[in-house]
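Scroll down for the structure; my scribbles are underneath it.
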Amino acid sequence: MDAHEYLLKHSQELSEEYPGKYIAVVRNKVVAASRSSIVVYNEANNKFPEEKIAIFYMPTDEETVTLL
């Protein structure tokens with residue numbers, strides 16, 4: 001399963017756990033979370049320098065309603 005499939009499959013639980021934060025996903029696991037995408041990338045890259053890192057933003061409930 002690639003990172004996008006992982007996000008789709010677990011979007012509800014991820015949005016509840018990480019609202020308003022960026023998350024880094026490596027090998028179908030969240031390895032870093034922060035309000036800063038740069039912090040998330042750097043933390044994930046330090047832990048997994050040879051792996052492909054996917055960064056996603058998990059919107060808050062208010063942001064999601066605005067998008068609708």
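FYI, it's all coordinate maths here, none of it is from the lab. If you're wondering where the values come from, they're calculated on a predicted model, not measured in any experiment. Neighbour counts are summed over all protein chains in view; Cβ atoms, including those assigned to glycine, are modelled from backbone coordinates with ideal geometry.
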What's the angle, to the nearest 10 degrees (0 to 90), between helix 37-47's Cα axis and the longest principal axis of the chain?
30 degrees
How would you classify the chain from its alpha-carbon gyration tensor, with a ≥ b ≥ c the square roots of the eigenvalues: rounded for a/c under 1.5, else prolate if a/b is greater than b/c, otherwise oblate?
oblate
Tell me, in nm to one decimal, what length is gained between Glu62 and Leu8 on full extension, where the rule is 0.36 nm per residue of separation less the Cα-Cα distance?
17.5 nm
Tell me the mean residue ellipticity at 222 nm calculated for the chain from its helices only (DSSP H runs of n ≥ 4, each -39500 (n - 2.57), averaged over every residue, nearest 500).
-14500 deg cm²/dmol
Report the local net charge at Arg27: Lys and Arg +1, Asp and Glu -1, summed over other residues whose C-beta lies under 13 Å from its C-beta.
-1
Could you work out the local net charge near His10, counting Lys and Arg as +1, Asp and Glu as -1, over the other residues with Cβ closer than 11 Å to its Cβ?
-2
Filter the GluC sites (Glu not before Pro) in the chain to those in DSSP coil with at most 15 other Cβ atoms within 10 Å of their Cβ, and list the result.
Glu50, Glu51
